[in-house]
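The values are calculated or read from the model by the stated rules, or taken from the named source; none is laboratory data. Because the structure is predicted, anything quoted here is derived from the model rather than measured. Reconstructed Cβ throughout: ideal geometry from the backbone, glycine too, with neighbour counts over all protein chains shown. Areas reflect the complete protein model, heavy atoms only, side chains present, ligands, DNA and RNA absent. Shrake-Rupley method; radii C 1.70, N 1.55, O 1.52, S 1.80 Å.
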Amino acid sequence: GAVVSQHPSRVICKSGTSVKIECRSLDFQATTMFWYRQFPKKSLMLMATSNEGSKATYEQGVEKDKFLINHASLTLSTLTVTSAHPEDSSFYICSAMEGGMADTQYFGPGTRLTVL
Amino acid sequence: LAKTTQPISMDSYEGQEVNITCSHNNIATNDYITWYQQFPSQGPRFIIQGYKTKVTNEVASLFIPADRKSSTLSLPRVSLSDTAVYYCLVGDGTGGFKTIFGAGTRLFVKA
């Protein structure tokens, strides 16, 4: 149980285009989902927290107009990188949490984004 | 938010027991302690979670002293495939829960 999927697993796009990444909780309902980015040999950096049906909460320094997050249902959250640039190239990871005390985050496999 | 501190790296040999300690001096009353394992280009994988004393599952044990200001992940008889980065996180999972990843511990298991 507690499986989280991400799609696509890797994407290469041209500078200026937008890319959408999907995160799905496959066998549980996720009241809260998180989006992280990770640069090579670095730790995960939290970008935003999203709760189903409400606006995402972005971490300081993360542009909400550039990284659009939509948590449309209890099993799906999407991250759209708008007008991507080479510096947005990174490993993007989502996680999902069911809700309640002491809940564990279950992470997706990640999406490798390369912007040319 | 409780900040965590772990050793940057550790080396071990196959078959040995590995103990990784994490400091979290300002852990809050409601905070649980969770450990994750991450391989390159993969998302973190849940290993174990605890609140106090000792927790054991099929892959690891977690030791938490009474003051809860630290915790130790114990991996029995490591193998080459346990080479990975290990993160400890603290948080309570209630509304407003947020996870801040520390640098993690890079474990390298040698033959």
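Among strands (runs of 3 or more DSSP E) lying entirely in region B:16-111, which contain 2 or more residues that are open to solvent by 40 Å² or more (accessible area, probe 1.4 Å) and within 11 Å of B:THR4 (Cα to Cα)?
Counting at least 2 such residues, we get B:18-23.
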Considering residues that are surrounded by fewer than 16 Cβ atoms within 10 Å (Cβ to Cβ) and under 21 Å from A:LYS42 (Cα atoms), the number found within region A:67-88 is 3
Which residues, counting only those in region B:83-100, are closer than 13 Å to B:HIS24 by Cβ and modelled with pLDDT of 65 or more?
-> B:TYR87, B:CYS88, B:LEU89, B:VAL90, B:GLY91, B:THR99, B:ILE100
Where in region A:24-116 are there strands (runs of 3 or more DSSP E), lying wholly inside it, with at least 3 residues that are modelled with pLDDT of 95 or more and touching a Leu at 6+ places or on another chain (Cβ under 6 Å)?
-> A:32-38
